[in-house]
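Heads up: the structure comes next, in structure tokens.
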Amino acid sequence: MALVTLLTVSLIVFTLMELVPGTCAERYLAFKNTQGSQITIADIEAEKKRLGLDRPFPERWGKWVYNVFVHGEFGDSCILRLNINQLLADKFWISLGICMAALILSYAIAVPIGIISASSQSPITNNSLRFVSYLGLALPNFLLALIIMLISTVLFGDSLTGLFSKEYRDAAWSWAKFGDFLSRAWLPVFILGWSATAFALQTVRALMLDEIGKLYVTAAAARGVSGRKLLWRYPAKHSLGPVINSLGFDLNRIFNELPIVALILTLTEAGALLFESLARSNDQQLAGAIIFLLTASIVALNFATDILLALIDPRVRRGLMG
Amino acid sequence: MTALIEVKNLTIQFRTDEGLVTAVDDVSFTIDKGQVMGLVGESGSGKSVTAKALMHLNARNAVYSPESRITLHTENGPVEVLKLKSARDLKIVRGGAISMIFQEPMASFAPAITIGDQMVEQLMLHSDMSKQKAKEISVEMLDRVGISDPARRFSQYAFELSGGMRQRAMIAMALSTKPKLLIADEPTTALDVTIQAQVIDLMKDLVREFHMGIIFITHDLGVIAQTADKVAVKYLGRIVEEGPVREVIRNPKHPYTQGLLAALPKLEDLDAPLTPVAGDIPSPLERPSGCVFHTRCPKIIGDVCKSKLPHHTQVDPTHRVACHLHTEVPA
């Protein structure tokens, strides 16, 4: 099922890449032109032939899919003439890692707090939580990033920008470099997690309030179930289904916010690269590759959440097994 | 007969944004061991709130008047239900000596926990038996209420059972701890008529077998006639009439009870028009002064009904009614 989704996605991504006006060949040569070279129609035709762009659409799609699925190859970037795999290198994994970390962080905070706040009758707890969550929803990420940068620059003389310290920027991966990465990556994770947490908190709390009002909770209380057991075994367990269901969607939302944060913190990651390749250089090959990788991650995450859902909800489980 | 539970001057109000709303108003009744009492009334008459009060289970915005008293008589002496505070103390009225079954059996089982797990959990909460023993008793109970293949049902979820089977399972769970009082809140309303009859028969058998008291809450006087020993008719939180079932049904004194009986469809005369109780239930925020029923009463006798609350009058030693028509000395 997940594989069918991926193939469909690849078709859509590939079609979108094709829909961008102009071809890779024209784009590259136009780029050359701005660099001062004289370009003729014959040059474009030759370039098209070299790239295989004269072949029919299904054949090109098939080849692209074959390369991606079998060899994990995305071909060359249109403009930079570099192999996309090299160009992306760790950037995609860094982006995905940051987004996943933000996602995990936000739910690690939101689930327990949302559940406890829903069962709490204290107006102080509820109002302060509401305040914090509105702040999280209303304060734009870039503003938060700027504030933190400002504070850290003034206080520590380090703007905390970039993902690596100078000495590690071009070094090969090592434990030291990884440690350095972690010491910096917490900032984008925190900033992205901030609004995601606020959003998740509202969702968890609303779902939980909904579950608490249900008859089976009263019925369990009427049987003598009480305290923590009544909270976690009954409504909490049942309110998590929709939360798990929306994880894939949340990942996408966080990824969407990543480029803005990345721009400010001058991170070298794939979101910014996607933005660059789509908006500025029209590098359809590169953009397609990133979008495909992102979608594949979401499909993979959805697959994982489906399994998780089946584990906690017998109705889903029986549905899957027929 | 000895009293099992005594309710005296029970008044319950709910704090809401619109102010205090009265749900139960000065209600008193007694249920003896092995007695079945029907609690009848339209929605909003405070039937469920009264029942939940017996388990001290009403929402946190419920306010009990200081005179309210609920006394449960157990082997270890009387228990003042409304004075119970901690979860440990409350266990005696929640699933221990008192069990409750609800209108919607589907919604009263947790959807993602097996029926067996929920039964075992309750048994282990109220005794110190082993898990193995609790499972044996649960399967036995499922078998007792007429569920076929109980061992398999034990490990199934509520959504895998039919409606009638769910209510049987609910009854099995409620009775597994051998309660002295069973509160049945419209237990058959959500069931087909044929299944309804089976469930009622089952409950009658079980009362005899376990010698339990039952509060049977319903809006259906027909069901009450088949099951209960005595009946209390509620309107807007007050008991307007109470007495032995046969006596009340054959010889209703309160105009509201008469109206409810007249509203029952009659199978022997299908052409007879239905005669519903006229008018609507007033909003709980606008409780009528005097007799709460005067806004809809076909036999209203004048200003006394609008201004003075009728007291209960014994029309015979077991039958009482709260209506100015029957007040010995009309004021």
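Selection of first residues in region B:222-233 that are in contact (Cβ under 8 Å) with a residue 60 or more places away in the chain and of second residues that are open to solvent by 30 Å² or more (accessible area, probe 1.4 Å) and basic (Lys, Arg), restricted to Cβ pairs under 7 Å at least 6 apart or on distinct chains, gives the following pairs, ordered by first then second residue: B:THR227/B:LYS204.
For the structure I just gave you, tell me whether A:LEU274 is surrounded by 16 or more Cβ atoms within 10 Å (Cβ to Cβ), among the hydrophobic types (A, V, I, L, M, F, W, C) and away from chain B (no Cβ under 14 Å). I'd like the intermediate steps shown before the answer.
Details: surrounded by 16 or more Cβ atoms within 10 Å (Cβ to Cβ): yes; among the hydrophobic types (A, V, I, L, M, F, W, C): yes; away from chain B (no Cβ under 14 Å): yes.
Answer is yes for this residue.
Regarding region B:100-110, can at least one residue be identified that is in the same structural domain as B:VAL27 (by TED's automatic domain parsing) and part of a helix (DSSP H, G or I)? Within region B:100-110 (the criterion being in the same structural domain as B:VAL27 (by TED's automatic domain parsing) and part of a helix (DSSP H, G or I)), the answer is no, since none of the residues qualifies. Within region B:31-85, the set of residues being within 14 Å of another protein chain (Cβ to nearest Cβ) and touching an Asp or Glu at 6+ places or on another chain (Cβ under 7 Å) comprises B:SER48, B:ALA51. Would you mind stating whether B:ASP117 is of a type outside the set (Ser, Thr, Tyr), open to solvent by 30 Å² or more (accessible area, probe 1.4 Å) and part of a loop (DSSP other than H, G, I, E, B)? Considered against the rule, which asks whether it is of a type outside the set (Ser, Thr, Tyr), open to solvent by 30 Å² or more (accessible area, probe 1.4 Å) and part of a loop (DSSP other than H, G, I, E, B), B:ASP117 comes out as no. Are any of the residues in region B:94-107 hydrophobic (A, V, I, L, M, F, W, C), touching a helix residue (DSSP H, G or I) at 6+ places or on another chain (Cβ under 9 Å), open to solvent by 50 Å² or more (accessible area, probe 1.4 Å) and over 30 Å from A:SER122 (Cβ atoms)? Among the residues of region B:94-107, at least one is hydrophobic (A, V, I, L, M, F, W, C), touching a helix residue (DSSP H, G or I) at 6+ places or on another chain (Cβ under 9 Å), open to solvent by 50 Å² or more (accessible area, probe 1.4 Å) and over 30 Å from A:SER122 (Cβ atoms), which makes the answer yes.
Filter region A:208-217 down to residues that are within 14 Å of chain B (Cβ to nearest Cβ) and touching a residue at least 60 places away in the same chain (Cβ under 8 Å) and give me whichever is surrounded by the most Cβ atoms within 10 Å (Cβ to Cβ). The qualifying residue surrounded by the most Cβ atoms within 10 Å (Cβ to Cβ) is A:ILE212. Residues in region A:99-136 that are in contact with a Lys or Arg (Cβ under 7 Å, 6 or more places away or on another chain) and crowded, with 20+ Cβ neighbours inside 10 Å: A:GLY114, A:SER117, A:ALA118.
If you go through region A:110-132 one residue at a time, do you hit one that is assigned to a helix (DSSP H, G or I) and either under 27 Å from A:PHE164 (Cβ atoms) or assigned by TED's automatic domain parsing to the domain that holds A:PHE31 (or both)? So that I can check it myself, show each step before the final result.
As a first pass, look at region A:110-132 and keep what is assigned to a helix (DSSP H, G or I): A:110-119, A:123-132.
Imposing the further condition that a residue be either under 27 Å from A:PHE164 (Cβ atoms) or assigned by TED's automatic domain parsing to the domain that holds A:PHE31 (or both) reduces the set to none.
Within region A:110-132, none of the residues are assigned to a helix (DSSP H, G or I) and either under 27 Å from A:PHE164 (Cβ atoms) or assigned by TED's automatic domain parsing to the domain that holds A:PHE31 (or both).
I'd like the full set of residues that are more than 8 Å from every other protein chain (Cβ to nearest Cβ) and open to solvent by less than 30 Å² (accessible area, probe 1.4 Å), limited to region A:218-230. Residues satisfying the conditions do not exist here. For region A:45-58, the set of residues classified as surrounded by fewer than 16 Cβ atoms within 10 Å (Cβ to Cβ) and either in the same structural domain as A:GLN284 (by TED's automatic domain parsing) or over 17 Å from A:VAL13 (Cβ atoms) (or both) consists of A:GLU45, A:ALA46, A:LYS49, A:ARG50, A:GLY52, A:ASP54, A:ARG55, A:PRO56, listed by residue number.
Would you check if B:SER108 is in contact (Cβ under 8 Å) with a residue 60 or more places away in the chain and at the interface with chain A (Cβ under 7 Å from one of its Cβ atoms)? Please lay out each step first, then the result.
On the way: in contact (Cβ under 8 Å) with a residue 60 or more places away in the chain: yes; at the interface with chain A (Cβ under 7 Å from one of its Cβ atoms): yes.
Judged against the criteria, B:SER108 is a match.
When B:SER45 is tested against (1) out of contact with any Phe, Trp or Tyr (no Cβ under 7 Å at 6 or more places or on another chain); (2) modelled with pLDDT under 90; (3) open to solvent by less than 60 Å² (accessible area, probe 1.4 Å), exactly one condition is not met: (1).
Residue-wise test of (1) of a type in the set (D, E, K, R); (2) within 14 Å of chain A (Cβ to nearest Cβ).
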| residue | (1), (2) |
| --- | --- |
| B:SER155 | no, yes |
| B:LEU161 | no, yes |
| B:ARG168 | yes, no |
| B:THR177 | no, yes |
| B:ASP185 | yes, yes |
| B:ILE195 | no, no |
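I'd like the residue in region B:57-81 that is outside any strand (DSSP E or B), surrounded by 11 or more Cβ atoms within 10 Å (Cβ to Cβ) and at pLDDT 90 or above and, out of all such residues, is farthest from the chain's Cα centre (by Cα).
Initial filter on region B:57-81 (outside any strand (DSSP E or B)): B:57-61, B:65-68, B:75-76, B:81.
So of that shortlist, the ones also surrounded by 11 or more Cβ atoms within 10 Å (Cβ to Cβ) come out as B:57-59, B:61, B:65, B:68, B:81.
In the following step, the residues that additionally are at pLDDT 90 or above were identified as B:65, B:68.
On the way: B:SER65: 21, B:SER68: 18 Å.
If we take residues in region B:57-81 being outside any strand (DSSP E or B), surrounded by 11 or more Cβ atoms within 10 Å (Cβ to Cβ) and at pLDDT 90 or above, then B:SER65 is farthest from the chain's Cα centre (by Cα).
Scanning region A:280-290 for residues that are of a type in the set (Val, Ile, Thr), within 27 Å of A:ILE109 (Cβ to Cβ) and crowded, with 18+ Cβ neighbours inside 10 Å turns up nothing.
Are there helices (runs of 4 or more DSSP H) fully within region B:182-253 with at least 2 residues that are under 27 Å from B:ARG287 (Cβ atoms) and within 17 Å of the chain's Cα centre (by Cα)? List them.
Working: elements: B:193-210, B:221-227, B:245-250.
Because the criterion is at least 2 residues that are under 27 Å from B:ARG287 (Cβ atoms) and within 17 Å of the chain's Cα centre (by Cα), the helices (runs of 4 or more DSSP H) in region B:182-253 that meet it are B:221-227.
In region B:49-76, the residues that are closer than 20 Å to B:ARG15 by Cα form Cβ pairs under 7 Å with partners that are in a loop (DSSP other than H, G, I, E, B) and not aliphatic (A, V, I, L, M), at six or more places apart or across chains, as follows: B:VAL49/B:ASN58; B:LYS52/B:ASN58; B:ARG60/A:GLN121. Restricting attention to region A:59-72, the residues that are farther than 12 Å from A:SER10 by Cβ and among the β-branched types (Val, Ile, Thr) add up to 1. Checking each residue in region A:70-98 for being open to solvent by 60 Å² or more (accessible area, probe 1.4 Å) and in contact with a helix residue (DSSP H, G or I) (Cβ under 8 Å, 6 or more places away or on another chain) picks out A:GLU73, A:ASP76, A:LEU80, A:ARG81.
Restricting to region B:1-31, and then to whatever is of a type in the set (Asp, Glu) and assigned to a strand (DSSP E or B), can you tell me which residue is nearest to the chain's Cα centre (by Cα)? Reasoning before the result, please.
If we filter region B:1-31 for residues that are of a type in the set (Asp, Glu), which is where we start, we get B:6, B:17-18, B:25-26.
Adding the requirement that they be assigned to a strand (DSSP E or B) leaves B:6, B:25-26.
Working: B:GLU6: 14, B:ASP25: 16, B:ASP26: 16 Å.
In this case the residue turns out to be B:GLU6.
Limited to region B:32-56, what total is found for residues that are part of a strand (DSSP E or B) and charged (D, E, K, R)?
Within region B:32-56, the first condition is being part of a strand (DSSP E or B), and the residues that meet it are B:32, B:36-40.
From the residues that got through so far, the ones that are charged (D, E, K, R) too are B:32.
Residues meeting the conditions: 1.
Any chance region B:217-230 includes a residue that's at pLDDT below 90, within 22 Å of B:THR22 (Cα to Cα) and touching a strand residue (DSSP E or B) at 6+ places or on another chain (Cβ under 7 Å)? Yes - at least one qualifying residue is present in region B:217-230.
Out of all the residues in region B:249-262, is one or more in contact with a Phe, Trp or Tyr (Cβ under 7 Å, 6 or more places away or on another chain) and either open to solvent by 30 Å² or more (accessible area, probe 1.4 Å) or of a type in the set (Phe, Trp, Tyr) (or both)? Yes, that holds for at least one residue.
For region B:132-165, a residue qualifies if it is under 22 Å from B:ARG208 (Cα atoms) and of a type in the set (Gly, Ala, Ser), and the qualifying residues are B:SER138, B:GLY146, B:GLY164. All of (1) in contact (Cβ under 8 Å) with a residue 60 or more places away in the chain; (2) under 30 Å from B:PRO111 (Cα atoms); (3) away from chain B (no Cβ under 14 Å) hold for A:SER246 with one exception: (1).
The values are calculated or read from the model by the stated rules, or taken from the named source; none is laboratory data. Computed from a predicted model, the values in this text were never measured in an experiment. All Cβ positions, glycine included, derive from the backbone under ideal geometry; neighbour counts span all protein chains shown. We work out accessible area using only protein heavy atoms, side chains counted, and drop any ligands, DNA or RNA first. Shrake-Rupley method; radii C 1.70, N 1.55, O 1.52, S 1.80 Å.
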